[in-house]
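Participant: Questions regarding the structure given below will be posed in turn.
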Amino acid sequence: MGQEPPLTPAIWNDRIGPKRFSAPILMEAKPNARGSLDFVHDQLDNGRRFRVLNIVDDVTRECLASVPDTSISGVRSPAN
């Protein structure tokens, strides 16, 4: 019939089959060489919503910039 699941069920998913492992992306670990953007959002007590755009260095995990606002457009983002 079907395949038998392996003895380690942690790497087996009945819906998609065995878990595939990929090789890591090799890159030189230098500060400020690569960063990540992350939007965080919340709501104030009066109901107004706001967003914070965080820019984080992937090597040092340091937050390079945080931009809080109720509306962040692409023109205003520091990633440009």
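The values are calculated or read from the model by the stated rules, or taken from the named source; none is laboratory data. The structure displayed is predicted, hence computed values, not measured ones. Positions of Cβ are backbone-derived with ideal geometry, glycine not excepted, and every protein chain shown enters the neighbour counts.
Participant: For Ile72, state whether it is at pLDDT 80 or above, surrounded by 13 or more Cβ atoms within 10 Å (Cβ to Cβ) and either β-branched (Val, Ile, Thr) or in a loop (DSSP other than H, G, I, E, B) (or both).
Facilitator: In short, no.
Participant: When you go through Asp14, Asp45, Asp58 one by one, which is the residue that is at pLDDT 90 or above and at negative phi?
Facilitator: Asp45
Participant: If we keep just the residues of the range 17-42 that are part of a strand (DSSP E or B) and modelled with pLDDT of 70 or more, which is surrounded by the most Cβ atoms within 10 Å (Cβ to Cβ)?
Facilitator: The residue in question is Gly35.
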